[in-house]
Amino acid sequence: MCPPTTALPPPPAAKPLQAARWEDLPGWGEDDLGAAWPAFLQSCRGLVGKKEWALWRPACDEAQGLAASPGGKPDNGTLRRFFESRFQPYLLTNPEGTTEGMITGYYEPLLKGSRKPTGPGRYAVLGVPEDLLTIDLSELYPDLKNYRLRGRLVGNKVVPYWSRAELMAKEDREGRDGLKARTLLWVEDPIELFFLQIQGSGRVKLPDGGIVRLGYADQNGHPYQSIGRVLIERGDLKPEQASMQGIQAWARANPAKVNELLNANPSYVFFRELDLPATEGPIGALGVPLTPERSIAVDPRSTPLGAPVFLSATQPNSNKLLRRLVLAQDTGGAIKGVVRADYFWGYGAEAGALAGRMKQSGQMWVLLPPGLGPR
């Protein structure tokens, strides 16, 4: 008789940060660090007052000194010496030990809309509802510092907030006032509004030519579900067609099915109006303007917001290398995992075309000051 088998315990998860050498970063010596310098200075502004500010301050103080020097923009050699003297690179590593992950893209779209629901502009951009509760448990449970619970009160009990489908059904039953959320603007196209929620920020052009800037304000607490994946699973699109452009084309061809598709994603994003110069990027989760092609969204559980990150990937739908220093200045509902980033392409149609096609494999090295790395 064979002895009974004993199940082996699973191997321990790999540490997310593996100490690396500067020579391990492919293309580190060739990047134009000056292009990332303004974004780094923005990160320093966003880190002031944060819990870890004392660890970032020596590097940020030196950076401010370099920025105040004649010319205001140090040469590449000076910047390389600055980063190499002030930071330690760590290779981001997935729990199973792999070091590659998905790099997607996002951008700031332009929509057409109005202040009133006249003409075709009849899809509402909502502000934060009055009955939305945000619960922060980090004081009691520090391990939950990157989590926020959303809900609503029913009697004396907190229950999950309405899903997207529930919000839309509630609007049908009770009208716009039933949502307890102020309508900021009305836009012409539901699929464009959906992608505005995915991007987290955007601009709306009014009939008189004025532009309104919108930024992420809050979310209903439900997990993000990719509608591209839903279309693939239903056989409506092939995997190579499930880009932003492919989904938009499907929606144009199937207008009667759009609401059903959108409701497959229970997540819903609420916005606020922003008073920003036209030349500045949208505000990211760090609280500073994003820099086109030098800011990324990350999962803050493994990559601290504000940190420089060296990214090694390829251009959208291409083998052309994309190796450069970027700054972790934003987050996103779909950006989950250690080796995972969303690359900010900027504003407008060209940026949207690049962002919509980007789904590349890449590696990431996070640069951390002394004391902030793994112990």
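A few comments on the model shown:
- If you go through the range 169-179 and keep only what is surrounded by fewer than 16 Cβ atoms within 10 Å (Cβ to Cβ) and in contact (Cβ under 8 Å) with a residue 24 or more places away in the chain, you end up with just R176.
- The residue list T98, T93 contains one member that is surrounded by 15 or more Cβ atoms within 10 Å (Cβ to Cβ), among the hydroxyl-bearing types (S, T, Y) and outside the structural domain of P223 (by TED's automatic domain parsing), which is T93.
- Residues in the range 234-266 that are over 21 Å from the mean Cα position of the chain (by Cα), surrounded by 15 or more Cβ atoms within 10 Å (Cβ to Cβ) and of a type in the set (A, V, I, L, M, F, W, C): L237, W250, A251, V258, L261.
- Residues that are buried (at least 20 other Cβ atoms within 10 Å of the Cβ) and farther than 19 Å from W53 by Cβ within the range 273-297 comprise G281, P282, I283, P289, L290, T291, R294, S295, I296, A297, listed in sequence order.
- Options R301, R294, R375; residue that is within 19 Å of W56 (Cβ to Cβ) and free of Cβ contacts under 8 Å to residues at least 24 places away in the same chain: R375
- In summary, strands (runs of 3 or more DSSP E) completely within the range 261-375 and bearing 2 or more residues that are more than 22 Å from R80 (Cα to Cα) and at pLDDT 95 or above occur at 269-274, 295-298, 340-347, 359-368.
- Residue pairs meeting the criteria (Cβ under 8 Å; at least 6 apart or on separate chains; first within 17 Å of G362 (Cα to Cα), in the range 20-36; second hydroxyl-bearing (S, T, Y) and modelled with pLDDT of 95 or more): A20/Y90; L25/S312; P26/S312; G27/S312
- Any hit, the range 355-370, residues being closer than 21 Å to Y216 by Cα and either surrounded by fewer than 23 Cβ atoms within 10 Å (Cβ to Cβ) or assigned by TED's automatic domain parsing to the domain that holds R148 (or both): yes
- Residue check, A68 within 22 Å of D32 (Cα to Cα) and either among the charged types (D, E, K, R) or surrounded by fewer than 18 Cβ atoms within 10 Å (Cβ to Cβ) (or both): yes
The values are calculated or read from the model by the stated rules, or taken from the named source; none is laboratory data. The shown structure was predicted, so the numbers you read here are calculated from the model rather than taken from an experiment. Cβ sites come from the backbone with ideal geometry, for glycine too, and all protein chains shown count toward neighbours.
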